[in-house]
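Enquirer: Okay, here's the structure, questions in a sec.
The values are calculated or read from the model by the stated rules, or taken from the named source; none is laboratory data. Since this is a predicted model, take the numbers as computed values, not measurements. Cβ placement follows ideal geometry from the backbone for every residue including glycine, while neighbour counts extend to all protein chains displayed.
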Amino acid sequence: MRDLLITGAQFADGSTADLGVSAGRFVAPSEVHDAEHIGADGLLALPGLVDSHTHLREPGREDAETVATGTLAAARGGYTAVHAMANLDPVTDSAEAAEHLAALAGRTASAEVIVVGSVTKGLAGAELSEMGLMHRSAAGVRMFSDDGKCVMDSLVMRRALTYAKTFDAVIAQHAQDTRLAGPGACCHESEISGRLGLPGWPAQAESAIIARDVELAQLSGGRLHVCHVSTAEGVEVIRWAKARGVNVTAEVTPHHLYLGTREVERYDTTFKVNPPLRTDEHIEAVRAGLADGTIDMVGTDHAPHARQDKDHPFDIALPGMLGLEQALAVVIETMVNSGRLDWPGVVRSMSAAPAALTRSATQGRPIAVGEPANLVLVDPSARAVVDRDDSASKSRNNPYHGRDLPDPIVATIWAGRITHRR
Ligand code: DOR
């Protein structure tokens, strides 16, 4: 791996310095030998982005995504690490499954893959997975989630939080009361769901579970992370819980920051996602939550789906949309360009906070001599029309296709290696 010399870049705090990279770490510029020069005048240098929520689909649905293609999409989006959700086939619910995914990543990934184990065996919601064994395995699992499904049983959730606490792991909940918003629910419950004739998914199906879970986090002393918060009510409950000192973090997806219920008017299944796209008052609430820190981080919920799983009537198609390649673009468009989030805020919510979820020693670190060389070079003013075919993902369910958006990612460096360069 060749040394790198990066000149002219500015950091999130406005300071500038040249950077050397050698043997996977930042070094003083004078310490590099026979280095490849990267001229970064006019660019921002940010710590490599970390995704709290990625679906890689391998093993099980390699036609939709693989570890190789998903992490290449991550690199193209400026990410140097992703948390790989457990709803695979087989489910990541054992030490063997966790180690298999970690080994696969070791051979094929273009970004660090942080393995997420499931909370319950087979995501069935009844019996805890081998959480302790997954933690002690070579995969070192520190986050557990049944994402895609909600852990509905309060006692199972209490036990998961209590057990995970003993090894400082976090339980990430997909908050969806499946009695209020059943498996068929696919449209924000509102005038629109009624008019389109689609089964409604009320905001309270999210906030009621978040309210229960913050109470269980307090009762158990465990660590709770709320996935893809999409409602004003959800943000309000988290704000209340944080004010009471509950150990809770939360994420918002790029699509819930940017896209709304109006997108589903044409029944285009690209826009079917769970939780569903919401109305303007909810979009405003999640933006405000991210701006004031109630929502700690951005998690993409990158959910690739093969065409045959999307080419169905709206209520039958699989939910989910791509997110890794355009996440920073959407955050710049919705939060930075409007003055609601500054660059240190971007670093916090897209790198440091997601890395802290699983106590990473290598990710979300400052750009400084001696630190692992995880970096993204950003052009904050470039724009382009998104083309879903210009993608590393195996899937094409890109909700930003055809939109004029920032085009910020110039280069990504993971552990001293260039994983993407425009
Ligand atoms: O839309 C979604 N798709 N939401 C989830 O929670 C799961 C994800 C998937 O795995 O496809």
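Enquirer: Tally the residues that are in a loop (DSSP other than H, G, I, E, B) and not basic (Lys, Arg), restricting the search to the range 339-370.
Expert: Result for the range 339-370: 14.
Enquirer: Scan the range 61-84 for residues that are touching a strand residue (DSSP E or B) at 6+ places or on another chain (Cβ under 6 Å) and on the phi < 0 side of the Ramachandran plot and jot them down.
Expert: Scanning the range 61-84 gives Ala74, Ala75, Arg76, Tyr79, Thr80, Ala81, Val82, His83, Ala84.
Enquirer: Checking Ala291 against (1) within 15 Å of the ligand (Cβ to nearest atom); (2) surrounded by fewer than 24 Cβ atoms within 10 Å (Cβ to Cβ), which test does it fail?
Expert: Evaluating Ala291 over (1) within 15 Å of the ligand (Cβ to nearest atom); (2) surrounded by fewer than 24 Cβ atoms within 10 Å (Cβ to Cβ) leaves (1) as the failure.
Enquirer: List every residue pair whose Cβ atoms lie under 9 Å apart, where the two residues are 6 or more positions apart in sequence or sit on different chains, the first residue falls within the range 293-319 and is of a type in the set (Ser, Thr, Tyr), and the second residue, located anywhere, is in a loop (DSSP other than H, G, I, E, B) and within 11 Å of the ligand (Cβ to nearest atom).
Expert: Note: pairs meeting the criteria are Thr300/Thr253; Thr300/Leu322; Thr300/Gly323.
Enquirer: Could you tell me which of the residues Asp153, Asp146 is acidic (Asp, Glu), under 28 Å from Gln218 (Cβ atoms) and touching a helix residue (DSSP H, G or I) at 6+ places or on another chain (Cβ under 6 Å)?
Expert: Criteria check complete, one pass: Asp146.
Enquirer: Still on this model: In this structure, is Met134 in contact with a helix residue (DSSP H, G or I) (Cβ under 8 Å, 6 or more places away or on another chain) and modelled with pLDDT of 95 or more?
Expert: Against the criterion (in contact with a helix residue (DSSP H, G or I) (Cβ under 8 Å, 6 or more places away or on another chain) and modelled with pLDDT of 95 or more), Met134 qualifies.
Enquirer: Among residues belonging to the range 223-247 that are among the basic types (Lys, Arg) and in contact with a strand residue (DSSP E or B) (Cβ under 9 Å, 6 or more places away or on another chain), point out the one that is surrounded by the most Cβ atoms within 10 Å (Cβ to Cβ).
Expert: Going through the qualifying residues, I end up with Arg223.
Enquirer: Another question about this same structure. Tell me, please, whether a residue that is in contact with a Ser or Thr (Cβ under 7 Å, 6 or more places away or on another chain), buried (at least 24 other Cβ atoms within 10 Å of the Cβ) and under 13 Å from Asn398 (Cα atoms) can be found in the range 294-301.
Expert: Looking through the range 294-301, at least one residue is in contact with a Ser or Thr (Cβ under 7 Å, 6 or more places away or on another chain), buried (at least 24 other Cβ atoms within 10 Å of the Cβ) and under 13 Å from Asn398 (Cα atoms).
Enquirer: Taking the range 204-254 only, how many residues are within 21 Å of the chain's Cα centre (by Cα) and outside any helix (DSSP H, G or I)?
Expert: 16
Enquirer: Hey, another quick one. Considering only the range 1-52, give the strands (runs of 3 or more DSSP E) lying wholly within it that have at least 1 residues that are exposed (fewer than 15 other Cβ atoms within 10 Å of the Cβ), under 28 Å from the mean Cα position of the chain (by Cα) and of a type in the set (Ser, Thr, Tyr). Explain how you work it out, then say what you get.
Expert: On the way: elements: 4-7, 19-22, 25-27, 36-39, 44-47.
Correct list: empty, since no element meets the threshold.
Enquirer: From Val264, Val273, grab the single residue that is assigned to a helix (DSSP H, G or I), within 14 Å of the ligand (Cβ to nearest atom), touching a helix residue (DSSP H, G or I) at 6+ places or on another chain (Cβ under 7 Å) and closer than 23 Å to Val386 by Cα.
Expert: When all the criteria are applied, what remains is Val264.
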